[in-house]
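Below: the structure, in structure tokens.
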Amino acid sequence: MYNNYIFDLYGTLSDIRTNESKASLWKYMARYMTLQGAPYSAPELRKRYRDLINAVRLEQYEKNRAQFPESESEEIEVNLSEVFSRLYSEKNIIPTPQLLADWALMYRTVSLDYVRLYDGAEALLKELRRRGKKVYLLSNAQRLFTEPELRSLGIYDLFDDVLISSDIGFMKPSRQFYTALLKKHSLDPKDSVMIGNDWQADAWGAHKNGLACMYIHTAQSPEPAGELPPGCVRLNTILDVLLSVS
């Protein structure tokens, strides 16, 4: 039925649990930065981190309004590397890309409880490729976190391309994020299907951008606020995707 299979990641192919509110995270990150010459207390770092996320989001929204007047502020994705950079700059340190990558890796390591593939996820991706299908990832996420996790899970190279919202500046269900993938690879929406666990971002986002959709409800899924789009297929397991493959 389709030649292009577009997947969400978290809650669809992988199960993840993080805790960014625990006090130990900010204690360790403040100590980490202080040892690098950027002295922060845990409360100060936590507050500045949140304030800078809001500031960068507002700046990006104002910058994009002229080009994308229909976009909503909730669809803006902040690239956290800019936030990390400003945290260092405020302490008179000019961060290198490697320093930012190390900060992200430390932050994720401390905040992460676990990340693991759902049963059948890897086998599904391999089987789609074996049957000659194109396989893409379209994830609301941060490149600095997600790429290392994809590699550690062993599935990074199973995608024909990986698009992360932090790279684009918009997140699903925005038209800009979906269009970025479709235009980059000249994909025909009628020959493409989005598979995800989010009723709004994945199912309705795909539908509004002319793609078919498959929806799987997992423990990480937001509770649907209404019906799925017309024709959207509800999956019982991720391997049910193969029922659509000729």
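Please determine whether any residue of region 97-111 is farther than 30 Å from Leu45 by Cα, touching a strand residue (DSSP E or B) at 6+ places or on another chain (Cβ under 6 Å) and surrounded by 15 or more Cβ atoms within 10 Å (Cβ to Cβ). The answer is no, given that none of the residues of region 97-111 is farther than 30 Å from Leu45 by Cα, touching a strand residue (DSSP E or B) at 6+ places or on another chain (Cβ under 6 Å) and surrounded by 15 or more Cβ atoms within 10 Å (Cβ to Cβ). Of the residues making up region 4-47, those that are surrounded by 17 or more Cβ atoms within 10 Å (Cβ to Cβ), under 12 Å from Leu87 (Cα atoms) and under 27 Å from the mean Cα position of the chain (by Cα) are Met29, Ala30, Met33, Leu45, Arg46.
Mind listing just one residue for me: the one in region 112-124 that is touching a residue at least 60 places away in the same chain (Cβ under 8 Å) and surrounded by 15 or more Cβ atoms within 10 Å (Cβ to Cβ) and, of those, nearest to Ser21 (Cα to Cα)? Checked region 112-124; the qualifying residue nearest to Ser21 (Cα to Cα) is Leu112. Residues in region 48-57 that are over 20 Å from Asn92 (Cβ atoms) and open to solvent by 50 Å² or more (accessible area, probe 1.4 Å) were compared, and the one that is modelled with the lowest pLDDT is Arg57. For region 115-140, a residue qualifies if it is out of contact with any Leu (no Cβ under 6 Å at 6 or more places or on another chain) and at positive phi, and exactly one does: Gly132. Assess whether Lys134 counts as being open to solvent by 60 Å² or more (accessible area, probe 1.4 Å), touching a strand residue (DSSP E or B) at 6+ places or on another chain (Cβ under 8 Å) and at pLDDT 95 or above. So Lys134 passes the test. When Leu137, Leu163, Leu150 are screened for being in a strand (DSSP E or B), touching a residue at least 60 places away in the same chain (Cβ under 8 Å) and not small (Gly, Ala, Ser), only Leu137 passes. Do we have any residue at all in region 164-185 that's open to solvent by less than 20 Å² (accessible area, probe 1.4 Å), hydroxyl-bearing (Ser, Thr, Tyr) and under 24 Å from Leu100 (Cα atoms)? Within region 164-185, one or more residues are open to solvent by less than 20 Å² (accessible area, probe 1.4 Å), hydroxyl-bearing (Ser, Thr, Tyr) and under 24 Å from Leu100 (Cα atoms).
Quick one: would you say Leu150 is among the hydrophobic types (A, V, I, L, M, F, W, C), closer than 21 Å to Ala206 by Cα and open to solvent by less than 10 Å² (accessible area, probe 1.4 Å)?
No, not satisfied.
Go through region 220-230 and count every residue that is small (Gly, Ala, Ser) and at pLDDT 95 or above. Qualifying residue count for the region: 1. Contact map, region 200-212: first residue closer than 16 Å to Gln176 by Cβ, second residue in a helix (DSSP H, G or I) and open to solvent by 10 Å² or more (accessible area, probe 1.4 Å), Cβ cut-off under 8 Å, separation 6 or more or different chains; pairs are Lys208/Arg175; Asn209/Arg175; Asn209/Thr179; Asn209/Leu182; Asn209/Pro189; Gly210/Pro189; Gly210/Lys190; Leu211/Pro189. Of the helices (runs of 4 or more DSSP H) lying entirely inside region 19-132, those containing at least 2 residues that are farther than 30 Å from Ile155 by Cβ and out of contact with any Pro (no Cβ under 6 Å at 6 or more places or on another chain) are 23-35, 42-64, 80-89.
Does Ala66 qualify as being out of contact with any helix residue (DSSP H, G or I) (no Cβ under 6 Å at 6 or more places or on another chain), closer than 23 Å to Phe177 by Cβ and of a type in the set (A, V, I, L, M)?
Yes: the conditions hold for Ala66.
Please determine whether any residue of region 58-78 is hydrophobic (A, V, I, L, M, F, W, C), under 20 Å from Ser14 (Cβ atoms) and buried (at least 19 other Cβ atoms within 10 Å of the Cβ). No; the residues of region 58-78 include none that is hydrophobic (A, V, I, L, M, F, W, C), under 20 Å from Ser14 (Cβ atoms) and buried (at least 19 other Cβ atoms within 10 Å of the Cβ).
The values are calculated or read from the model by the stated rules, or taken from the named source; none is laboratory data. Remember, predicted model here, so these are calculated numbers, not experimental data. Backbone-built Cβ (ideal geometry, glycine too); neighbour counts: all protein chains shown. Side chains included, ligands, DNA and RNA excluded: accessible areas come from the protein's heavy atoms. Shrake-Rupley method; radii C 1.70, N 1.55, O 1.52, S 1.80 Å.
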